[in-house]
1. Hey, what do the phi angles of the stretch 56-68 turn into as Karplus ³J(HN,Hα) couplings, whole Hz, using 6.51/-1.76/1.60 and θ = phi - 60°, x for Gly and Pro?
2. Can you give me the relative contact order of the stretch 118-188 as a percent, contacts being Cα pairs under 8 Å and 6 or more apart?
3. Using a 7 Å offset from the Cα along the Cα-to-Cβ direction at both GLN94 and ASP107, what is the distance between the two label points in nm, to one decimal?
4. What ³J(HN,Hα) values, in whole Hz, does the Karplus curve 6.51 cos²θ - 1.76 cosθ + 1.60 give for the stretch 73-86 when θ = phi - 60°, with x put for Gly and Pro?
5. Across the stretch 144-161, in residue order, what do the Karplus-derived ³J(HN,Hα) couplings come to in whole Hz, using 6.51 cos²θ - 1.76 cosθ + 1.60 with θ = phi - 60° and x for Gly and Pro?
6. For the pair ALA71 and LEU23, what calculated FRET efficiency results from E = 1/(1 + (r/R0)^6), where r is the Cβ-Cβ distance and R0 = 25 Å, to the nearest 0.05?
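Taken together, the values in this text are just the output of simple stated rules run on the coordinates, not laboratory data. Since the structure is predicted, the reported quantities are computational estimates derived from the model, not experimental observations. All Cβ positions, glycine included, derive from the backbone under ideal geometry; neighbour counts span all protein chains shown.
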Amino acid sequence: MSRDTDKQARAEAMLGEVAELALMVARELAVRLRASEDTAETVALAGAFQKASRAVRLTLALDAKLDRDAAREAAAAARDARADAQAQAASDAQADAQRAAEQRREDARAAEAQAAADPVEGRKARVRNLLARLLWTESERDDEDYEMLVDELNARLDEAARSPGFADLSIEALARRVIADMGLSGLSGRFALTLGELPRPPRPAAPAREPQPADSG
């Protein structure tokens, strides 16, 4: 690129010099043409002046063409640079999204492992997994906003776990309660249970008591 730039600068300098020399010749011919009194000489001088003038015009036109070519090449190089930068940015964004998704999967696996050892943590992990996609949508797929919502969800679950009725609520009911506590009104209308939570079996009916014999006194 530097060699091409130096070559173009030298060509422009040479064209400028040729244009100056042709202009000097044209001026000298114009002076002699005005002073000439011989018809044949006048005709010859006029022809030479036209050639010198044409040389000036062609030289200036070529110099302008070189400028346009240089500007067009610079614009193309700038477009290529922008395209490369955009492609790199898109690649970086995709890599960041993949890393974030992998981190979420690792967090989910860690939560599942913890849930296996602690029933309370297991219920919290199920609610967390149930709401993960909804929180991702609520955050408009912004990693920072998503992490803030997850932190708030964890705090709400920790608080709910201290409630005496925590173990009696179904996963769906618990999730809906957390959504309401977090004020996520945009999720409440489209929330659906996706973990295959089964309804609780009905409690067996208490056995009928046998009638007691009447007291005969």
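1. The phi angles translate into 5, 4, 5, 5, 5, 5, 5, 5, 5, 5, 4, 5, 5 Hz.
2. Numbers: 41 pairs, mean separation 26.0, N = 71.
Dividing the mean separation by the residue count of the stretch 118-188 yields 37 percent.
3. Distance between label points: 2.4 nm.
4. 5, 5, 5, 5, 5, 5, 4, 4, 5, 5, 5, 5, 5, 5
5. Result, ordered by residue: 5, 5, 4, 5, 5, 5, 5, 4, 5, 4, 4, 5, 5, 5, 4, 5, 5, 5 Hz.
6. Details: r = 25 Å, r/R0 = 1.01.
E between LEU23 and ALA71, to the nearest 0.05, is 0.50.
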